[in-house]
Amino acid sequence: MPPYLVGREKVREFSRAVFATNPINFDPDAARAAGHSDIVAPPTFAVVVQEATLAQLLAEPDAGIDFTRVVHGDQRFSYSRPIVAGDELTATLRVASVKSLGGHSMVTAESTVVDATGAHVVTATSTLVVRGDE
Amino acid sequence: MTISAPVTPTLDSLTLGDIVAESSFPLTRDSLVRYAGASGDFNPIHYRDDVAHAVGLPGVLAHGMLTMGLAIQPVVDWVGDSSRVLDYQVRFTRPVPVDPDLGAVVTVVAKVGALDADAGVARIDLTVTFNSVTVLGKAQARVSLV
């Protein structure tokens, strides 16, 4: 997959959707005044980049996962630096663990996101619970 | 628009258990559609009651990631810069059903959970509730106050 190019309007759209009000999430001048090269994405924005890798996992026929039975168990973001508009990001997903628990399956997926220079930006870790038949 | 540099709280001004921020977020079905488009998460359980019912849910639920995303905002406003959030984790313990007419109000209280003076980092623990019931577990953010 080609890198994910972080667009300024996408950052604004996402910021509005998570009720962000901080000027550095919307206004390039405010972001630059705070020392950033462009507007800064909110802390959970990495999910947008991670989503593409999770979609690949969920669409994988061998994984046999029913989308509507997937429940998000937990989520973590560990940042080396914030995501800013203009970043070209590449995510690599690794299935860290698969567990069965009372008919449900728990899949822990760890997506490592790097920038155009290959430097680490954020690691996004998700545990997805695939609910079994009731 | 006047731009003033945000004032960052200092670590030594904080005490364990201090409430540093609190806020309430009224969600509607519109909020969920907006978040679906912004995030790319088009799981129909977040906008179709029939699909939600068919998989045994009470109705349309808020995206867990929407709850996670808004819950950190009072902390971002407190520290003044979202890039100070170094690490943020939550466990999705209970769903937030969003009524088509009444919506749902999610309330966030952020407290100081731990202080690491050497690293200049505070751990902020979030209590996130809907209808007085906690919906996120182990909701913690590490924020840099250097």
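Summed over the residues of chain A and divided among them, the accessible surface reaches 45 Å² per residue at a probe radius of 1.4 Å.
Taking 13 Å as the cut-off, the amide N atoms of region B:60-102 that come nearer than this to a point 7 Å along the Cα-to-beta-carbon line of A:Leu101 belong to B:91-94.
Region B:67-146 has equivalent-ellipsoid semi-axes of 26, 12, 9 Å, by the square roots of 5 times the alpha carbon gyration tensor eigenvalues, sorted largest first.
Accessible area drop of at least 10 Å² (1.4 Å probe, protein heavy atoms): which residues of region B:81-108 qualify, relative to the chain alone? Going by heavy-atom accessible area, the residues of region B:81-108 that drop by at least 10 Å² are B:Asp81, B:Ser82, B:Ser83, B:Val85, B:Leu86, B:Asp87, B:Tyr88, B:Gln89, B:Val90, B:Arg91, B:Phe92. Measuring nothing but protein heavy atoms, the accessible surface of the protein assembly as shown at 1.4 Å probe radius is 53 percent carbon and sulfur.
Charges only on Cβ, +1 for Lys and Arg, -1 for Asp and Glu: so what's the dipole of chain A about the Cα centre, in debye to the nearest 20?
With only Lys, Arg, Asp and Glu charged at Cβ, the dipole is about 260 debye.
Please give the average number of partner chain Cβ atoms lying within 10 Å of the Cβ of each residue in B:73-80, rounded to a whole number.
The mean count of partner-chain Cβ atoms within 10 Å per residue comes to 4.
Calculate how steeply helix A:46-59 sits against the longest principal axis of the alpha-carbon atoms of chain A, using the helix alpha-carbon long axis, and give the answer as 0 to 90 degrees to the nearest 10. Once rounded, one gets 30 degrees.
Computed from Cα positions, the angle between helix B:29-39 and the longest principal axis of chain B comes to roughly 70 degrees. Other protein chain C-beta atoms within 10 Å of residue C-beta, averaged over B:51-63: 2. Across region A:91-96, computed HN-Hα scalar couplings (Karplus, 6.51 cos²θ - 1.76 cosθ + 1.60, θ = phi - 60°) run 10, 10, 9, 10, 7, 7 Hz from first to last residue, x flagging Gly and Pro.
Once label points are set 7 Å from the Cα along Cα→Cβ at both B:Thr134 and A:Ala55, what is their separation, rounded to one decimal in nm? Going by the 7 Å Cα→Cβ label model, 3.5 nm. When the Gaussian network model of chain B links Cα atoms closer than 10 Å, the mean-square fluctuations of B:Leu11, B:Leu61, B:Leu27 top out at B:Leu11. Along the charge dipole of region B:28-146, which of B:Leu136, B:Val98, B:Leu115 sits closest to the positive end, that is, farthest toward it, with unit charges on the beta carbon of Lys, Arg, Asp and Glu (+1, +1, -1, -1)? Checking the options against the dipole of region B:28-146, the answer is B:Leu115.
Across peptide A:33-42, how many C-beta atoms of other chains are within 10 Å of each residue C-beta, on average? Spell out each step's value before the answer.
Working: counts 4, 7, 3, 3, 0, 0, 0, 4, 2, 7.
Counting Cβ atoms of other protein chains within 10 Å of each residue's Cβ and averaging gives 3.
Extent of region A:22-110 along its three principal axes (Cα atoms, max minus min coordinate, largest first): 52, 23, 22 Å. The orientation-averaged projected area of the convex hull spanned by the Cα atoms of region B:69-110 comes to 3.8 nm².
Sorted into 5 angstrom bins from 0, the C-alpha pair distances of chain B split as 2, 10, 18, 19, 17, 13, 10, 7, 3, 2, 0 percent.
Between A:Ile65 and B:Asp99, take the C-beta separation as r, use R0 = 30 Å, and let me know the FRET efficiency to the nearest 0.05. Let's see the in-between values first.
Values: r = 29 Å, r/R0 = 0.97.
After rounding to 0.05, the efficiency reads 0.55.
Each Lys and Arg contributes +1 and each Asp and Glu -1, all at the Cβ; summed about the Cα centre of chain B, the dipole is approximately 220 debye. The calculated FRET efficiency for A:Arg16 paired with A:Glu88, based on their beta-carbon distance and R0 = 25 Å, is about 0.60.
Please grab the % of Cα pairs in the protein assembly as shown that end up more than 29 Å from each other.
31
What does the net charge come to around A:Ala30 if you take all other residues with beta carbon closer than 14 Å to its beta carbon, with K and R at +1 and D and E at -1? After counting each charged neighbour, the total is -2.
Within the assembled protein chains, the solvent-accessible surface assigned to A:Ile24 is about 10 Å², based on a 1.4 Å probe. Counting only alpha carbon atoms, the long axis of helix A:8-17 and the longest principal axis of chain A meet at about 60°.
The values are calculated or read from the model by the stated rules, or taken from the named source; none is laboratory data. For clarity, every value in this text was computed on a predicted model and none was experimentally measured. Every residue, glycine among them, receives a Cβ derived from its backbone with ideal geometry; neighbour counts consider all protein chains shown. Note: accessible area is taken over every heavy atom of the protein model, side chains too, but ligands, DNA and RNA are not part of it. Shrake-Rupley method; radii C 1.70, N 1.55, O 1.52, S 1.80 Å.
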